[in-house]
Amino acid sequence: MGMGRVTRRQLTNLLGACGVAATLGGLTFGLPALNHALPADRAVPTDRPYDIGGGVSVVPPPGARLDLTDTRPGEESGTVLFRVGPVRYLISVQPFDGSLGAAVDRLRRRITGNSGYQVTGTELSVATTDGLRGVQGGFSGPGRGGRYVVFVADSRTIEVTVSGADLDLGRILPAINRSTATLRYAPEPAG
Amino acid sequence: MTAEPRLRSDRSAPVQPGAAPDRRLPGLPAFWIVLALLGAGGVRMTMIVTGYVREYPVALLTSAALFALLAVPFWFVVSELDFLEREPPSLLLIAFGWGGLVATSASIPASGALDDIIAKLGSPHLAADWGVALAGPTVEETAKALGVVAIVLIARHQINSVLDGVVYGATVGLGFQIIEDIVYAMGAVALAGQGDTVEPVVTTFLLRGFVSGVWSHTLFTALAGAGIGYLVVRGERSFRTRLGAAALALFAAWASHVLWNSPLLRDGLGNGAVALLAVLVLKGLPPLVLIWLLVRSAHDREADYYAEQLAKLDDAELITPAERRALKAGSRRASARAYARARGGWRARAAVRRLQRAQARLAVELSRGTPDLSRWSHEIRRQRRVLNRLGHPEAVAPDGKGPWRRTASAVFSTALALAVLWAVVSTLGGG
């Protein structure tokens with residue numbers, strides 16, 4: 001073997017290693033790229049309740065589109081993300097053994113756990129038309145503002161977070177508030 | 001004419017002579033590419049962990065300690081499988097690093113993306129029910145199997161048997177398992193929203209460690225590694241056959257993982273502890289039995305091969321027929337050590353351990369055709385003299401002596417493990 005000459009073994013080895021790196025690259029960058037290339041939102045009827053999961057439903061606000069990447073309905077829990085123009089309207093239902101105060105505290109900590117985010121203003125008591133009682137507050141982050149509402153119903157917590165630019169929020173929040181008031185918990189009868 | 005008794009191990013792939021560790025690894029392009037991928041994975045995982053160090057230092061330390069502890073029995077089993085022809089620590093470290101750094105850092109974005117693709121092409125309901133079952137196994141089993149392929153590329157000569165593929169596969173899986181469990185635990189801490197607390201870590205540890213601990217990445221990737229090992233060592237078969245066998249093993253690893261993650265039987269058996277245990281058995285037992293049979297077959301094949309090498313010596317001071325039989329199985333090796341301790345104390349046990357190690361190494365050197373075997377022969381004779389002085393000349397446990405104690409110990413350990421499992425399942429599963 002001459003100095004600096006690439007042997008057949010080295011070439012095969014190089015090709016094999018490039019194949020491994022390419023497959024890994026396909027997983028790491030190819031799948032996310034394909035995901036981004038596919039449309040993430042889908043139309044959703046806004047004239048009837050949408051089942052979020054865990055026995056909770058909500059009537060989406062007018063103009064809302066379903067974000068498929070963060071919407072996962074389930075029997076015990078569920079998440080739905082609506083996009084109302086540039087505003088994110090996220091509702092999450094999770095099993096929870098605790099008081100409303102503890103549930104609010106938990107969400108507040110998660111919000112302020114994000115770098116640059118803080119809770120603003122005072123919290124208010126709210127209720128849905130179906131009688132669910134909850135607590136509402138506000139938060140702000142880099143270039144964004146937001147609103148959170150927490151309900152507790154039958155060992156489940158229902159967390160609502162709305163976020164967007166202040167101007168968009170001011171315009172869209174009334175419709176989202178009306179939607180949040182339609183939150184309803186109706187568990188499946190035990191079979 | 002009397003037919004030669006057919007060894008159980010004859011059913012699995014043959015063993016090639018063990019190769020001496022190659023010190024020229026850096027000469028291969030694959031070595032540098034794998035090193036670069038390990039570096040990139042290391043940077044990515046460091047960035048993730050740095051966030052946890054800042055936010056949840058106590059929880060991170062606790063989860064690292066708990067899941068490292070959980071890795072000990074897995075590591076012990078892999079080490080016992082690897083007893084005869086030991087793989088070089090540097091390659092095992094690369095395999096472990098691939099699992100913990102490369103496969104994890106590739107799987108985090110890829111699994112999420114595939115889950116979203118399932119939601120987009122199917123529906124959010126489909127993704128909620130089957131996303132975890134399909135996305136995780138597809139991405140993770142591929143990324144981990146690439147780790148075994150990487151080992152083949154940088155040290156092809158070290159894969160001498162299907163068992164070597166199992167060992168490298170299990171090591172890649174173990175690395176992946178530890179890091180993934182820590183990431184899951186930290187995700188639970190963040191979701192709990194209670195600051196730097198250890199409760200979510202402990203819950204994750206009980207769920208992933210005890211309830212589903214056996215059905216782990218170590219097991220699945222061992223199966224994939226067996227297929228890649230077969231592809232490499234079964235040179236006398238056509239490439240298409242070998243590739244088919246490797247693909248089948250990868251598919252089996254994927255299918256076992258899918259079955260385990262799937263929502264099947266999730267609601268059919270109720271919510272109690274008995275139902276949860278029934279699901280564990282129904283979904284987990286088939287792949288567990290399949291993998292156990294395959295690994296045992298590969299292990300027996302390798303053990304038979306190296307025992308035959310030692311039989312050629314025909315020197316009872318180096319190894320007796322009973323010791324050769326004991327050397328072939330981890331349980332008999334352990335029984336021999338336990339029996340030596342009972343008869344001659346800890347010194348006798350240590351001498352038997354060293355004797356077994358030297359005998360295994362001598363078998364490997366014989367297979368390599370090493371001309372000068374004096375180093376290992378001297379070591380065996382030295383340990384034999386120690387054993388003679390301690391009144392325990394042969395490193396075996398008589399039939400019926402060692403095994404019953406080990407069986408009783410195994411039964412007790414299994415009963416204890418089941419009791420712990422039952423308590424955990426009752427607590428978590430609402431028994």
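The values are calculated or read from the model by the stated rules, or taken from the named source; none is laboratory data. Being a predicted model, the structure only gives us computed values, none of them experimental. Using ideal geometry, Cβ is built from the backbone for each residue, glycine included, and neighbour counts are taken over all protein chains shown.
Set side by side, the residues B:Glu80, B:Glu87, B:Glu4 differ, and just one is at pLDDT below 95, assigned by TED's automatic domain parsing to the domain that holds B:Leu219 and assigned to a loop (DSSP other than H, G, I, E, B), which is B:Glu87. Screening B:Ala36, B:Ala65 for residues that are modelled with pLDDT of 65 or more, among the hydrophobic types (A, V, I, L, M, F, W, C), under 22 Å from the mean Cα position of the chain (by Cα) and not in a loop (DSSP other than H, G, I, E, B) leaves exactly one candidate, B:Ala65. Filtered by the rule that a residue be within 14 Å of chain A (Cβ to nearest Cβ), more than 22 Å from B:Arg44 (Cα to Cα) and among the hydrophobic types (A, V, I, L, M, F, W, C), the stretch B:77-132 gives B:Ile117, B:Ile118, B:Ala119, B:Leu121, B:Leu126, B:Ala127, B:Ala128, B:Trp130, B:Val132.
When the strands (runs of 3 or more DSSP E) confined to the stretch A:104-180 are screened for residues that are within 22 Å of A:Gly85 (Cα to Cα) and modelled with pLDDT of 90 or more, those reaching at least 1 such residues are found at A:133-141, A:144-152, A:156-164. Of the residues making up the stretch A:102-136, those that are within 21 Å of A:Pro174 (Cα to Cα) and within 14 Å of chain B (Cβ to nearest Cβ) number 1.
Would you pick out the residues in the stretch A:159-170 that are without any contact (Cβ under 8 Å) to a residue 40 or more places away in the chain and either of a type in the set (Lys, Arg) or crowded, with 19+ Cβ neighbours inside 10 Å (or both)?
Taking the stretch A:159-170 as the starting set, the residues that turn out to be without any contact (Cβ under 8 Å) to a residue 40 or more places away in the chain are A:166-167, A:170.
Residues satisfying the conditions do not exist here.
Taking the stretch B:40-74 as the range and being surrounded by fewer than 16 Cβ atoms within 10 Å (Cβ to Cβ) and either under 23 Å from B:Val167 (Cα atoms) or touching a strand residue (DSSP E or B) at 6+ places or on another chain (Cβ under 8 Å) (or both) as the test, the residues that pass are B:Gly42, B:Ala68, B:Leu69, B:Val72, B:Pro73.
Tell me, yes or no, whether the stretch B:283-301 has at least one residue that is polar (S, T, N, Q) and crowded, with 20+ Cβ neighbours inside 10 Å. No, that holds for no residue.
Taking helices (runs of 4 or more DSSP H) that fall entirely within the stretch B:219-338, which contain at least 1 residues that are within 30 Å of B:Thr142 (Cα to Cα) and within 23 Å of the chain's Cα centre (by Cα)? Don't jump to the end; show me each part of the working.
Details: elements: B:239-261, B:273-311, B:321-327.
In the stretch B:219-338, B:239-261, B:273-311 are the helices (runs of 4 or more DSSP H) which contain 1 or more residues that are within 30 Å of B:Thr142 (Cα to Cα) and within 23 Å of the chain's Cα centre (by Cα).
Touching a residue at least 24 places away in the same chain (Cβ under 8 Å), under 23 Å from B:Val189 (Cβ atoms) and among the aliphatic types (A, V, I, L, M): does that describe A:Ile111? Considered against the rule, which asks whether it is touching a residue at least 24 places away in the same chain (Cβ under 8 Å), under 23 Å from B:Val189 (Cβ atoms) and among the aliphatic types (A, V, I, L, M), A:Ile111 comes out as yes. Looking across A:Leu31, A:Leu81, A:Leu90, one residue alone is touching a Leu at 6+ places or on another chain (Cβ under 7 Å), buried (at least 16 other Cβ atoms within 10 Å of the Cβ) and touching a residue at least 60 places away in the same chain (Cβ under 8 Å). It is A:Leu90.
Inside the stretch B:353-380, can you point out the residues that are of a type in the set (Asp, Glu) and either in a helix (DSSP H, G or I) or crowded, with 20+ Cβ neighbours inside 10 Å (or both)?
Restricting attention to the stretch B:353-380, the residues satisfying the condition of being of a type in the set (Asp, Glu) are B:365, B:372, B:379.
Scanning the stretch B:353-380 gives B:Glu365, B:Glu379.
Could you say which residue among B:Asp164, B:Asp181 is within 28 Å of B:Ala298 (Cα to Cα), in a helix (DSSP H, G or I), among the acidic types (Asp, Glu) and more than 10 Å from every other protein chain (Cβ to nearest Cβ)? The match here is B:Asp164.
I'd like the residue in the stretch A:93-103 that is assigned to a helix (DSSP H, G or I) and in contact (Cβ under 8 Å) with a residue 40 or more places away in the chain and, out of all such residues, is surrounded by the fewest Cβ atoms within 10 Å (Cβ to Cβ). Lay out the reasoning, then the answer.
Of the residues in the stretch A:93-103, the ones assigned to a helix (DSSP H, G or I) are A:100-103.
Still in the list and also in contact (Cβ under 8 Å) with a residue 40 or more places away in the chain: A:100, A:103.
Working: A:Leu100: 17, A:Ala103: 22.
The selected residue is A:Leu100.
Which residues, counting only those in the stretch B:136-145, are crowded, with 24+ Cβ neighbours inside 10 Å and either more than 7 Å from chain A (Cβ to nearest Cβ) or touching a residue at least 40 places away in the same chain (Cβ under 8 Å) (or both)? Talk me through it step by step, then tell me what you get.
Pass one, the stretch B:136-145, residues crowded, with 24+ Cβ neighbours inside 10 Å: B:139-141, B:143-145.
If the condition is that a residue be crowded, with 24+ Cβ neighbours inside 10 Å and either more than 7 Å from chain A (Cβ to nearest Cβ) or touching a residue at least 40 places away in the same chain (Cβ under 8 Å) (or both), then B:Glu140, B:Glu141, B:Ala143, B:Lys144, B:Ala145 are the ones that fit.
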